[in-house]
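K.L.:
Mind having a look at this structure? Questions to follow.
Coordinate-derived values only; no laboratory data. Predicted, not measured: the structure shown is a model, and the values here were computed from it. In this analysis, Cβ positions are derived from the backbone assuming ideal geometry, glycine residues included, and neighbour counts consider all displayed protein chains.
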Amino acid sequence: MTRNKIKYVLILMIIFSVSIFAGNKNLEEKYKTIEDNLLVGLQTDNLGLKVSAAYFLGEMKSERAVIPLMKILKGNTTDEEKLIAALSLCKIKSEKGMFAVKQRIKFDDSERVKRLCDIFYKNYLFENIEGKVIVEPFDIADLNIEYKGIKLSQFAK
């Protein structure tokens, strides 16, 4: 009887595994379809659609969107298009895209685009600091700070 139960459990596990694998493949296909549609949305003349597509490609961290977003960022487009392209490139975190954002800080005609690209780029740098800041423990008396003749170390005791 226990052998039959074990066989039954194994069969169920195999069926479950196959269904999960098939489901993941279906999810990957859906993801690719969504990404394809958003990339088409970047090429439209409809500002709202273009900005939305750029935003969601950044949320998806779509590597395929880097070049089209760079074209929007560098092209003769509105500030809004450039800013959402820069923001999305920062979310994707590709080196090429970050270089394009850095170039807009220096060379864009709009002060607003320069200023916000600078903020996006600095945020990217802050998030990607490889080394961690380590603060060594210290005794308050070691600071030797004095204010109007009163030493801080007197209050630490």
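K.L.:
For each pair in Lys93/Lys114; Lys32/Lys114; Lys71/Lys96; Lys32/Lys106; Lys96/Lys122; Lys61/Lys106, compute the distance between the two Cα atoms and list the pairs where it is over 23 Å.
P.N.:
In this structure, Lys32/Lys114; Lys32/Lys106; Lys61/Lys106 lie more than 23 Å apart at Cα.
K.L.:
Let me ask something else. Place a label point 7 angstrom from the Cα of Glu80 along the Cα-to-Cβ direction, then list the residues of the range 32-46 whose backbone nitrogen is under 20 Å away.
P.N.:
Residues 38-46 fall inside that zone.
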